[in-house]
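J.: One structure, as structure tokens, below. Some questions next.
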Amino acid sequence: MSKPERFIVIGDTHGDMAHQPSLKVVRSFLKCWKPTIRIHLGDLFDMRPLRNGASDEERRSGIMDDVVAGIDLIDWYKPTHFLRGNHDERLWDMLAQSNKTKSEIASELIQKIQARLDAVKCAPMLPYNKRDGVLRLGRLNVIHGFHHGNNAASSAARVYDNVMQGHAHSIQGMPIPGLSPRSGRAIGCLCNLELGYNRASANTLAWEHGFAYGILHRDGNYQEWQARPTGGRWYLPTEMSSHEYVHH
């Protein structure tokens with residue numbers, strides 16, 4: 001039997017708003033887990049000055065520090081797959097604007113991002129799109145996410161079957177019963193939990209730091225695990241063993 005491939009999925013790092021202690025854990029885990037598939041499922045950048053309803057303070061912050069931080073993550077994480085999230089998509093939306101100055105700025109930044117993705121041999125990026133923004137990893141579908149709130153994982157599973165998503169910034173696991181069972185998972189986030197725009201939103205108290213990892217078999221079956229801090233520490237495996245399963 002051929003050995004399965006190991007994978008890791010991170011997301012919602014949000015550029016210069018990334019939670020650096022959690023990224024340090026990811027960097028350390030990469031050395032132990034040695035995944036051949038490295039997925040960033042979106043919101044690599046924050047792009048807060050470009051959001052609808054951005055405050056004056058957010059507009060003054062600019063986007064260069066954000067872009068530099070996101071590109072730095074590309075350099076060390078070396079994603080094999082990158083799915084744009086709704087925050088990333090703001091830059092591509094800016095490219096399509098009729099304002100030529102903004103469009104030219106967006107074009108230059110996108111070229112820089114694409115060049116770094118090409119340098120680490122990342123597959124063609126996927127857009128933030130309900131149809132075209134789905135990465136198929138065997139029997140697992142990976143998306144940035146189009147649902148949020150407490151039912152994000154279950155809502156996504158009803159649309160995308162076995163699915164893993166970010167976007168909600170919370171950790172959720174939801175099996176959907178049926179003759180062909182399926183499950184949805186929201187993997188948490190790796191950005192700061194306190195952001196300027198969410199200071200008065202009680203729902204964001206559900207946000208947690210986390211990422212996912214697993215193995216992909218040649219027949220498309222997979223096993224996934226959730227990484228999250230517990231009691232102020234991260235507990236992550238360094239070895240993996242397999243044992244025969246006998247079903248009676």
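The values are calculated or read from the model by the stated rules, or taken from the named source; none is laboratory data. Predicted model, so just to flag it, every value in this text is computed and none were measured. Here the Cβ is made from the backbone with ideal geometry for all residues, glycine too, and neighbour counts use every protein chain on show.
J.: State all residues of segment 159-204 that are in a loop (DSSP other than H, G, I, E, B) and either touching a Cys at 6+ places or on another chain (Cβ under 8 Å) or surrounded by 13 or more Cβ atoms within 10 Å (Cβ to Cβ) (or both); if no residue qualifies, say none.
T.: Selection gives ASP161, ASN162, GLY166, HIS167, ALA168, HIS169, SER170, GLY188, LEU190, ASN192, LEU193, LEU195.
J.: Next up: Tell me the residue from SER98, SER107 that is part of a helix (DSSP H, G or I), of a type in the set (Ser, Thr, Tyr) and more than 20 Å from the chain's Cα centre (by Cα), please.
T.: That would be SER107, the only listed residue that is part of a helix (DSSP H, G or I), of a type in the set (Ser, Thr, Tyr) and more than 20 Å from the chain's Cα centre (by Cα).
J.: Considering only segment 51-86, how many residues are under 21 Å from GLY145 (Cα atoms) and either at pLDDT below 95 or β-branched (Val, Ile, Thr) (or both)?
T.: 4
J.: Please go through (1) closer than 19 Å to PHE45 by Cβ; (2) at pLDDT below 95; (3) in contact with a Gly (Cβ under 9 Å, 6 or more places away or on another chain) for ASN203 and return the number of the only condition it doesn't satisfy.
T.: Unmet for ASN203, out of (1) closer than 19 Å to PHE45 by Cβ; (2) at pLDDT below 95; (3) in contact with a Gly (Cβ under 9 Å, 6 or more places away or on another chain): (1).
J.: Say we look at segment 1-10 and pick out the residues that are touching a strand residue (DSSP E or B) at 6+ places or on another chain (Cβ under 8 Å) and over 16 Å from LEU193 (Cα atoms); which of these is surrounded by the most Cβ atoms within 10 Å (Cβ to Cβ)?
T.: Step by step, filter segment 1-10, then rank; the result is VAL9.
J.: Considering segment 4-45 alone, what residues qualify as being assigned to a loop (DSSP other than H, G, I, E, B), at pLDDT 95 or above and not β-branched (Val, Ile, Thr)?
T.: Across segment 4-45, the qualifying residues are GLY11, ASP12, HIS14, HIS19, LYS34, PRO35, LEU41, GLY42, ASP43, LEU44, PHE45.
J.: Can you tell me which residue among THR36, THR13 is among the hydroxyl-bearing types (Ser, Thr, Tyr), crowded, with 16+ Cβ neighbours inside 10 Å and at negative phi?
T.: Just one listed residue meets the conditions, THR13.
J.: Quick check on segment 107-136: of everything there that is under 21 Å from ARG158 (Cα atoms) and touching a Leu at 6+ places or on another chain (Cβ under 7 Å), which residue is surrounded by the fewest Cβ atoms within 10 Å (Cβ to Cβ)?
T.: Among them, the one singled out is ASP132.
J.: How many residues does segment 137-158 hold that are buried (at least 16 other Cβ atoms within 10 Å of the Cβ), touching a Phe, Trp or Tyr at 6+ places or on another chain (Cβ under 8 Å) and either more than 19 Å from GLY11 (Cα to Cα) or of a type in the set (Gly, Ala, Ser) (or both)?
T.: The number of residues fulfilling the criteria is 2.
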